[in-house]
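This report refers to the structure that appears directly beneath it.
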Amino acid sequence: MTSKHIEAVVFDLDGVITDTAHYHYLAWKQLADELGIPFDEDFNENLKGVSRVESLTLILANGNQSDAYTDSEIEDLASQKNEYYKQLIQQLTPEDILPGMKELIEEIRSESIPVGLASVSKNAQTVLHALEIEHLFDYCADVAKIKQSKPDPEIFLTVCEALEADPAQSIGVEDAKVGVQSIQGSGMYAVGVGSYLEQADLMVNETTELSWTQIKQAFLHKQ
Ligand code: BG6
Ligand code: MG
C-alpha cells in the first residue's frame, strides 16, 4: 500500500533560507568587472546553484576568456571571488533569515518530519552559524563528498538517504533552475521560490508565500 505521507523536507540554502544569492552575485560582479567581463543579474541566473569553479568557467566563457588562464590562475580567481563573498557574509545575522523561513522549518519539525540541507556551498556551515539555525537541520550535505553538481540528483538523494527518507515521499525547496531539476531527478516533489522556476511542482515568488499547510496539501494531492 502506498499511503502518501511526508518523510523529509530538504532545503537549499543560498536564496531560499537567506538572500546570500545576492552576495554571490555581488562577489562575482566584482571579479567580472576586474576581468573586463560583462556581468549582470540576468547572466547571474545561470550561476544559481552552480559550484564556484563551474560558475567561473561560465563567466570566463561569457567573456570569451575560456583559454586566457591556467588551471592554477583559475583557482586563484575562484579564491579571490570567495574572499569577496566571505567579506560580504561577515555581516550576516539571524535578522537575515528570509521572512517566514525559520517559522516554516520549525513548523515542519514540530510534526517530527526530518529537515535536511542540500547546499553545494563550501560556506554553508558558516552561513548557518551566522544565522544561528544549525540546530534546525537533522542532516546537512557534506559538499566534499558530493561528486556530481546540481542538476544531478546526487545531493538531494544523499540527504534523503541520510535522513532515511524515501525521495518519493519527500519535498525539496529551491531557488535555482538546476536545483529544481536536481530535486525532480531524485523523485522528490519540487517547491520553487523565485522566478524562472515554472517546471517546479509548486512555485511561489517569495518566501512569505510559503505556507506549510499549502505545501502539504499540494504534495498530498499530487497526481
Ligand atoms: C550555491 C550558490 O548555493 O553555492 C552558488 O547558489 C554558489 O551561487 C555555490 O556558486 C558555491 O558556493 P561557494 O560558497 O562554495 O562558493
Ligand atoms: Mg540557491
Q. How large is ³J(HN,Hα) for each residue in the range 145-154, as worked out from phi by the Karplus curve 6.51 cos²θ - 1.76 cosθ + 1.60 (θ = phi - 60°), to whole Hz, x for Gly and Pro?
A. 9, 8, 8, 10, 6, 4, x, 4, x, 3
Q) the range 29-88 to the range 126-143: how many Å between their Cα centroids? A) 26
Q) Where does each of CYS160, CYS140 land when they are ordered by accessible area, with a 1.4 Å probe and the largest first? A) CYS140, CYS160
**Q.** Extreme residue, positive dipole direction of the range 85-223, given options TYR189, ALA218, PRO151 (C-beta unit charges)
**A.** PRO151
Q) Cα-based Rg (one decimal) and Dmax (whole number) for the chain, in Å? A) 17.5, 59
(Q) Suppose only helical runs count, i.e. DSSP H with n ≥ 4. What mean residue ellipticity at 222 nm does that imply for the chain under -39500 (n - 2.57) per run, divided by all residues and rounded to the nearest 500 deg cm²/dmol? (A) -12500 deg cm²/dmol
Q: On the full set of protein chains, 1.4 Å probe, figure out the accessible area of LYS86 and give it in Å² to the nearest 10.
A: 80
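Per residue, how much accessible surface does the chain expose to a 1.4 Å probe? Answer in Å², no decimals. If you can, show how the numbers build up before the last one.
Values: 10950 Å² over 223 residues.
Each residue of the chain exposes 49 Å² on average to a 1.4 Å probe.
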Q) Can you give the accessible area of HIS135 in Å² (nearest 10), computed on protein heavy atoms with a 1.4 Å probe? A) 120
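With N residues in the range 21-89, what two-decimal value do you get for its Cα radius of gyration over 2.2 N^0.38 Å? Provide the component values of the computation, followed by the final result.
Numbers: Rg = 10.8 Å, N = 69, 2.2 N^0.38 = 11.0 Å.
Its radius of gyration relative to the 2.2 N^0.38 Å reference: 0.99.
List the relative contact order of the chain as a percent without decimals, with contacts defined as Cα pairs under 8 Å and 6+ residues apart. Can you show the working numbers first?
Values: 343 pairs, mean separation 57.2, N = 223.
Relative contact order comes out at 26 percent.
Relative contact order for the range 21-89 using alpha-carbon pairs under 8 Å, separation at least 6, rounded to a whole percent?
Taking the mean separation of contacting Cα pairs over the length of the range 21-89, I get 46 percent.
Rounded to the nearest percent, how much of the accessible area of the chain (1.4 Å probe, protein heavy atoms only) is carbon and sulfur? If you can, show how the numbers build up before the last one.
On the way: 5030 of 10950 Å².
Solvent-exposed carbon and sulfur of the chain make up 46 percent of the total.
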Q. Hey, quick one: spin label on GLU54, modelled 7 Å out along Cα-Cβ, who in the range 158-191 has an amide N within reach, i.e. under 19 Å?
A. 158-160, 172-188, 190-191
Q | For the range 45-174, the spread of Cα positions along each principal axis, largest first, Å | A | 53, 34, 23
Q. Just for the Cα atoms in the range 95-158, what are the lengths along the principal axes, largest first, rounded to whole Å?
A. 32, 25, 18
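Taking a ≥ b ≥ c as the square roots of the Cα gyration tensor eigenvalues, with a/c under 1.5 meaning rounded and otherwise prolate when a/b beats b/c, else oblate, which class fits the range 153-223? Can you show the working numbers first?
Working: a/c = 1.85, a/b = 1.28, b/c = 1.44.
Since a/c reaches 1.5 but b/c is at least a/b, the shape of the range 153-223 is classed as oblate.
The values are calculated or read from the model by the stated rules, or taken from the named source; none is laboratory data. Source: prediction; values computed, not measured. Every residue, glycine as well, gets a Cβ built from its backbone with ideal geometry; the counts of neighbours run over all protein chains shown. The protein model used for the area step is the full one, side chains on, heavy atoms only, and it has no ligands, DNA or RNA in it. Shrake-Rupley method; radii C 1.70, N 1.55, O 1.52, S 1.80 Å.
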